[in-house]
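First comes the structure, then the notes that go with it.
The values are calculated or read from the model by the stated rules, or taken from the named source; none is laboratory data. In this text, all values refer to a predicted model and were calculated from it rather than measured experimentally. So basically every Cβ, Gly included, is an ideal-geometry build from the backbone, and we count neighbours across all protein chains shown.
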Amino acid sequence: MTTVSATGSPWLADTTRTAPPASGALTCDVLVIGAGITGVTTALLLARAGLDVVICEAATAVSGTSGLNTAKVSALQGTIYTTLTRRHGADTAAAYAAANLAGVATVAELAEQFAPDAGLSRRTAATVAGSVDDVSSIEQELKAARAAGLRVTRADSVDAPLPCYGAVVLEDQLTLHPVRYVRGLLRAAQDAGARLFEDSRVTGLRGGDPYRARTEHAEITARHVVVAAHYPMFDRGLYFARMEAKRSYCVAGPLAGEAGQTLAITAGSPTRSWALLDGIAVLGGEGHAAGDRGVGPDRFEALEDDLRAWTDVREVPYRWSAQDPVAADHLPMIGPYVPGSNSLWVATAYGKWGLSNGTVAAGILTDLVMGRQSPYGETFRPTRFNVKSVHSLARLQAKVGADIVGDRLRPGEASSPDAVEPGTAAVVRSGHKQVGVYRDEAGAAHCVSLRCTHLGCLVRFNAAETSWDCPCHGSRFDVDGNVLEGPAVHPLAPESL
């Protein structure tokens, strides 16, 4: 029985459906798949440029990862510049820095123009050494970030309630209410002529000149297709083999008094990420690979313990998690979906920094659709190859192979559905099949096939969020098998025992 579980993000408290599902035959210049930060910003820019844009969202606009973040918009991102410099060299790190600085500036400009209710605030951002052992990491990041062109400085302390043994600091970064921000952009996009359809999951794509996309009730013909669904759902391009899905957790609550205004993240492990917006303190961390075994409420409990120890938070009513694809070479993938494409585009692998990188992606995608050269297009080109990433790719695929084989050999965890206690889940073997059984608090059993509908890996139960998660490529499903997170687009099959 879990005592602490996900309750939701404060940013999503007022999210409601406002648009109908797509139906019938539709045509447009550009189909944008996904109504989050990237999709909506891209749709706004293209619609204001005079193109006919359709946005298809599988659920509700801005209800996914865009509403499940820490509300930070920053070009200083942990120790990313140390990583990029080692893997790609100083020029690539500098291009990444310039792109993200441009992304921060664009968010500020768009928020002031289209989302005055988003509470835009300029803040200092910091990467801190949370222990003595992490001091060398921030020294390296200071050097790498300066070489990349960021105006960072060294500080002995920061205005944030995290343990700090020194920090790298960057001024003039941002925080804002992410859902109000993106919804403001969405209203502006619709005012410019973009059409939004919710409850319209795209399940198929064919053709190419033009493309024809399929939803449950519609076929949409488009000259260009932008896949901005967080994780590419079409297997062309083999994105699932080049990224690892990472989950991380957040807790939040109102403070009784004052607290630090700096947007801070620790350089070492365990990661702790701090933000404060509208009197709500947010603490994040406890990350792991999607589908890891034994994930439970202790993730939230550890964060809540720290938040209570470091602040005078009155209560902690908000608990949520987010999933982020991380590329093997740690760079976002933005551009042609497959080599040679000039009409099918993708943006993914933001590595947990979606507000800035998603905005960067929208600018690049807009340039590409309009036939213009993008100043950052080559840096983030999805078809790039880096020799230093071969080891990471091999490691990812070895893990996938081990998960596929190992999970099929595992014994059942319960003899029958009747043996599963309320509020828990277990694997029940039925002949050659393995069935996932979750018994809800009312006593009803929910039985689904464990076979992920993406590529057939077996899903595992996530007790922290009451979901079935795929360890291979990050697809997630609720207890009735409905898709929560791609790349899967079809639900788990129901089972009867």
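Structure summary
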item: Selected residue (criterion: nearest to Ala213 (Cα to Cα)) from residues of the stretch 476-489 that are modelled with pLDDT under 90 and in a loop (DSSP other than H, G, I, E, B); result: Val489
item: Test: Val338 is more than 21 Å from Ala93 (Cα to Cα) and in a loop (DSSP other than H, G, I, E, B); result: yes
item: Yes/no for Ala6 being closer than 26 Å to Ile280 by Cβ, of a type outside the set (Val, Ile, Thr), touching an Asp or Glu at 6+ places or on another chain (Cβ under 6 Å) and not assigned by TED's automatic domain parsing to the domain that holds Glu421; result: yes
item: Residues that are over 18 Å from Arg308 (Cα atoms) and under 19 Å from the mean Cα position of the chain (by Cα), drawn from the stretch 265-295; result: Gly287, His288, Ala289, Ala290, Gly291, Asp292, Val295
item: Exclusive hit being at pLDDT 95 or above, hydrophobic (A, V, I, L, M, F, W, C) and within 20 Å of the chain's Cα centre (by Cα), set Ala22, Ala35; result: Ala35
item: Matching residues, the stretch 443-471, being touching a strand residue (DSSP E or B) at 6+ places or on another chain (Cβ under 9 Å), part of a loop (DSSP other than H, G, I, E, B), on the phi < 0 side of the Ramachandran plot and not small (Gly, Ala, Ser); result: Leu450, Cys452, Thr453, Cys457, Val459, Glu465, Cys470, Pro471
item: Options His177, His230, His224; residue that is under 29 Å from Phe300 (Cα atoms), in contact with a Phe, Trp or Tyr (Cβ under 8 Å, 6 or more places away or on another chain), touching a residue at least 12 places away in the same chain (Cβ under 8 Å) and not charged (D, E, K, R); result: His177
item: Long-range neighbours under 7 Å by Cβ, at least six apart or interchain, first residue surrounded by fewer than 23 Cβ atoms within 10 Å (Cβ to Cβ) within the stretch 127-145, second in a helix (DSSP H, G or I); result: Gln140/Thr82
item: Among (1) surrounded by fewer than 16 Cβ atoms within 10 Å (Cβ to Cβ); (2) in contact with a helix residue (DSSP H, G or I) (Cβ under 7 Å, 6 or more places away or on another chain), the one test that Gly119 misses; result: (2)
item: Which numbered condition Asp278 fails, given (1) in contact with a strand residue (DSSP E or B) (Cβ under 8 Å, 6 or more places away or on another chain); (2) closer than 19 Å to Arg123 by Cα; result: (1)
item: Near pairs, Cβ below 9 angstrom, 6+ apart or cross-chain, from the stretch 349-374 (farther than 21 Å from Val53 by Cβ) to any residue that is in a helix (DSSP H, G or I) and acidic (Asp, Glu); result: Gln373/Asp367
item: Residues of the stretch 205-251 satisfying the condition of being in contact with a helix residue (DSSP H, G or I) (Cβ under 7 Å, 6 or more places away or on another chain) and surrounded by fewer than 18 Cβ atoms within 10 Å (Cβ to Cβ); result: Ala241
